[in-house]
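A short write-up of the structure that comes next.
Any read-out appearing in this document is the output of simple, stated calculations on the displayed coordinates, not a laboratory observation. Since the model is a prediction, treat every value here as computed from it, not as a measurement. With ideal geometry, Cβ positions are generated from the backbone for all residues, glycine too; neighbour counts draw on all protein chains shown.
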Amino acid sequence: MLNIEEIKKLAKLARIEIAEEDLEKFASQLSSVLEYVEELKNVNTEGLLEVDQVTGLVNIQRADTVVVSDNREEIFSQAPEMKDGYYKVKAIL
Amino acid sequence: MQFEHLSITELRKKLDAKELSSVELTKYFLSRINELDKKVNSFVTVCENEALNSATKADEFINSPGENPFLCGIPYASKDLFCTKGVRTTASSKILDSYIPPHNATVEKKIKEHYGVLVGKTNLDEFAHGSSTETSAYGPSKNPWDLNRIPGGSSGGSTAALAAGLVPWATATETGGSIRQPASLCGVSGWKPTYGRVSRYGVIAMGSSLDCPGAVAHTVEDLAHLAEIMSGQDEKDSTTGVQPVPQYSKNLSSNISGLRIGVPKQYFVEGMEEDVKNRVMDAVKQLEKMGAKISEVDLPNTRFGSLVYAIICPSEVSSNLMRYDGIRYGHLSQQAKNLLEVYEKSRGEGFGSEAKRRILTGTYVLTAGYYDAYYKKAQKVRRLIMNEFSEVFKNVDALVCPSSPNVAVKIGGAKENPLFGYIADQLNIPSSLAGLPAISMPCGFGMPSDGEAPSMDGLPVGLQVIGPQWGEQTVFNIGYAYQQETDWHRKYPGV
Amino acid sequence: MKNFESSTEYKPVIGFEIHVQLATKSKMFSPAANNPDEKVPNTNIDEIVTGQPGTLPVANKEAIRLSALVGLALNCEIDEWSKFDRKHYFYPDLPKGYQISQFDQPIAKEGFLEVNVNGKMKRFGVTRAHLEEDAGKNVHPEGLPYSLVDYNRAGCALLEIVTEPDLESGEDAKSFLTELRNIIRYLGASSCDMEKGTMRVEPNISVRKPGETTLPKYKVEVKNINSIKFAQAAIDYEIARQIEILKEDGMPKQVTMGWNEKTNSTVEQRSKEEANDYRYFPDPDLPPMHFSPEYLQNLKNHMPELPAQKRKRFKEEFNLPDADVENLISWKELAAYFECVVSEIDNWILEAGNHKGAEARLGLIKNAANWSLGEFSALLNQKLLNPDEAKVDPENFAEMLMLIAEGKISSSAAKQVFKVMFEKGGEPDNIVKDLGLEQTSDEGAILTAIEKVIGANEKAVLDFKAGQEKSFGFLVGQTMKELKGKGNPQVINELLRKKLQS
């Protein structure tokens, strides 16, 4: 089913470095999951709407009012790197 | 004096009567944690100072005139998926190893307003991905009934801490069995709410369309009280229901005479342990004796539940875990030489195997070419399952069945089995997909299929009660009635 | 998709993606402030904006209303149901690793806009308009190995409008963008300030070869355009560049270009190395939106007057020249101010009785337009103010016009008066008195002055009588001087001529 190349592609898309020796393992584990769900393809779902949510809620919206946060320092304190009030990252090319 | 086996309701009376103070009670549980958690490994973080501060405040409140809120001065633990402002919150993942939330989960805020006393954060499967706590970055928690066995998961830290008498109650969350299964395996009572009954705000997301914050306690009566406190529409969570919260605890009734209870035949699956089946059927007879009208019901699409879940859950997981990139919080790889490596290495180092597996699976099924075949199809089958429950609830008021096909298995069996959880939770997942409320409570003991029980009695078996959407009261009533007539919930392991 | 007729010419095919930052007080999914003018980085943030674990979005009702309103104004269909989807990609300015956007059920779709391009009405299709959240801003300090991220803009409500590839020239683009910007401003949905980035336009440009009937197989997207003028220039530049390539039997590359305003040319930006797979799926955190017929009817009932209607009315009611109308329409607040001045004029005419007549009214209105677009606009632009922020109110503005019309002040005196009104406020007649600028029409005083001037300038009088009209002007000037500039020139003219001819 899934081969190592496909796992590499998925890992790239998901931005996760995967050790060379684990690629095989993930390929076989993902394949077994896909095999497990294969049966779903044969379920007759004609005329059924997908479930986007189970609550049946509609138009749950908030009024356009501003709340000024009082925890900015706590938020910043979690950042691995900051500079001059900005979040700092390796250069974006 | 021993307090570790008392329910919240019982402790409340003692605190109100000033037989002891919150500080004394908190110290009592803290010292038990200190002494016993080395064996159980149910806590990721113990916050002694914060706990004693809250207890002191609770005592001040108790000593002032007026009625005390139900949770006032009562110690509790929170699953380490609930953000607790100022108290480290890890989701049992290395990627959040040193994360201190700048915000409180709505549930935590509510408990705080009731002067509850947080003593620590309990272990779980990493980001709640699992049914054993074995995927935790901090090692598995142990089942207090047999320390060689899993407590179940993902809320295994919470149920293990409760069963071991380290706290009188704990928060928990469920996406597909993560409250009911560990409650069953640890012999405690657990409540999985109707989806939308309890706010998800500040609870680290796993599967957003499925996640339900809930609780575990010694009795269903306690759970009814907790449900009252934790439930309600939250302006910070647009998926919380607008229905008013009933006074579950006041409305509790042990009269279940005439109540129509269905026993779904598909829930007694192949491979189920004989003792599990027998204990559950004993419980069904007990309910019948108490006046309930028992009937067998048919839920033929049950078997598709875990398959649907195996697609939807990883899809939502892969999306919800995108934000962990080492930029605003969490682990930043020191090896990264450029921006791409910041992402790939921080995430590669930070996430464990199971999280990676789910991210990859979710990424695959959401990819343009596969979306219709997997995700869309799964959401249609989910509709089929929801419709089936709606039909059944036209004829019965509740369903009862086992919470897990087996008693606790030994540690080590789950870790690299990608299907372990989907099988362990096959009896819980369909109702999770439909967003239904449920409880699990102890209904006896059974021998494990590996035959190596720690005692002649065996290990706890859980009885599950499922209600219709927003039907918490019926579920609590059945549990309450059952616990008035039986004492399985009053059995404790000796740790 | 529109069917193209085959042609013997190179035919440009242009479509737009336009992002408009909605003028809500708070962000799209969090109550943090939306402030495009914020200078201090990471000020308008909170735990939701920064995507802290466990935080959840709650949709801003006003942003949804404004989106539907824009959709209706662009003649779009608003479906009963709409929803939010997650669009996934990694970038430092995107806190959650996904952008909440709309994939297959946008709020508005299949609309059009009718635009006057050099006197010819053209219709441009609007494919869709969908609501999403904005990203933050990345700053790249030159020569340094790091970038900096500011989340002030992250999570702000953004409406993305996509057009059909119906435009054919830079001229089309200019007229279309101007009209679109006017409409959105009239609705109060956005400031549409391209320099501040509250309106961002990205044209897709390609050119069909003679005889081709299908859409070209490539398109060139141009970014970094921060004014309508530049959009027009960039499009014209691209069309010329692409035709050059096509003429030499080449095929332009499908690339993203940037507009360089210093060199007046487009420059190729780094082309994306791989196609993205955004893995859209419905956001489970946000229940769907439902637009009931009553809701939409209510929006329509309260729809403000749009530029096209206003344009028509200004022409019909005020008989203003096209250029004046366009200039007034393009500044929504000025147009509104102008109308207030007109209604003051009408009140005055009503009070003064009907003898003033329609012609006098139109004259005053023309003057109001002249002053609005001339002196007033110049002063406002100098101070970077909007008319409603100015100290001079429409009533006083109108009163000043009356003073001119009644001959109580001269036009040049009025300029001085207006400047004071603009800077300090106050009523024009008081200012006229304070500055001593009132114009006299008192025939006795004027006659005395004339007699004095005639007595002192015999030569000039003789010259005039000998037929030199030039000398008349000189005598008028001397009389005005005698009156210290306050004489009513009309009266002076009349009396002087009478006196000289007697």
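Structural remarks
- Fewest-first sequence of C:LEU144, C:LEU496, B:LEU340 by Cβ atoms within 10 Å of each Cβ: C:LEU144, B:LEU340, C:LEU496
- Averaged over the residues of C:284-296, the number of partner chain Cβ atoms lying within 10 Å of the residue Cβ comes to 5.
- Sparse-neighbour loop sites [trypsin sites (Lys or Arg not before Pro); region C:300-402; at most 13 other C-beta within 10 Å; DSSP]: C:LYS391
- Computed over chain A, relative contact order equals 18 percent, with contacts defined as Cα pairs under 8 Å that lie 6+ residues apart.
- In chain B, Rg over Rh equals 0.95, where Rg is the alpha-carbon radius of gyration and Rh the Kirkwood radius from pairwise Cα distances.
- Net charge of Cβ neighbours under 9 Å - reference C:VAL491; Lys, Arg +1; Asp, Glu -1: -3
- Euclidean distance of C-alpha centroids, region B:1-78 and region C:297-326, integer Å: 70 Å
- Peptide C:96-104 - average C-beta neighbours from other chains (10 Å radius): 2
- Greater than 22 Å apart at Cα, pairs in B:LYS142/B:LYS491; B:LYS14/B:LYS38; B:LYS85/C:LYS83; B:LYS121/B:LYS491: B:LYS14/B:LYS38; B:LYS85/C:LYS83; B:LYS121/B:LYS491
- Gyration tensor (alpha-carbon) shape descriptor, region B:366-481, a/c threshold 1.5: oblate
- Sorted by Cβ density within 10 Å, fewest first, the residues B:ARG12, C:ARG65: C:ARG65, B:ARG12
- Relative contact order (%) - criterion: Cα under 8 Å, at least six apart; region: region B:425-480: 39 percent
- Three-way shape label, region C:307-435, alpha-carbon gyration tensor, a/c 1.5: oblate
- Taking the number of Cβ atoms within 10 Å of each Cβ as an exposure proxy, the fewest-first ranking of C:CYS192, B:CYS401 is C:CYS192, B:CYS401.
- Measuring spread by the Cα atoms of the protein assembly as shown yields a radius of gyration and Dmax of 37.9, 142 Å.
- MRE, 222 nm, helices only [DSSP H, n ≥ 4, -39500 (n - 2.57), over chain B, to nearest 500]: -11000 deg cm²/dmol
- Between the helical axis of C:470-482 and the longest alpha-carbon principal axis of chain C there is an angle of about 90 degrees.
- Of the DSSP H helices in chain B, those whose Cα atoms cover at least 24 Å axially and whose Kyte score averages -1.0 or more: B:22-40
- Separation of alpha-carbon centers, region B:402-433 and region C:7-69, rounded to whole Å: 43 Å
- Nearest-ten-degree value, helix A:20-37 long axis tilted from longest Cα axis of chain A: 70 degrees
- Centroid-to-centroid separation of region C:378-444 and region C:92-131 [C-alpha atoms, Å]: 45 Å
- Here the contact order of region C:317-400, divided by its residue count and restricted to Cα pairs under 8 Å and six or more residues apart, works out to 45 percent.
- The angle between the Cα long axis of helix C:489-501 and the main principal axis of chain C comes to about 30°, on a 0 to 90 degree scale.
- Anisotropy class of region B:8-260 from Cα gyration tensor, a/c 1.5 cut: rounded
- Per-residue mean of C-beta atoms belonging to partner chains within 10 Å, peptide B:312-324: 5
- Förster-model FRET efficiency, 35 Å R0, B:GLU341 and B:ASN49, C-beta, rounded to 0.05: 0.35
- Computed [θ] at 222 nm, deg cm²/dmol, chain C (DSSP H ≥ 4; -39,500 (n - 2.57); rounded to nearest 500): -13000 deg cm²/dmol
- The packing ranking, built from the mean of other Cβ atoms within 10 Å per residue, places the peptides C:23-36, C:482-495 in the order C:23-36, C:482-495, highest first.
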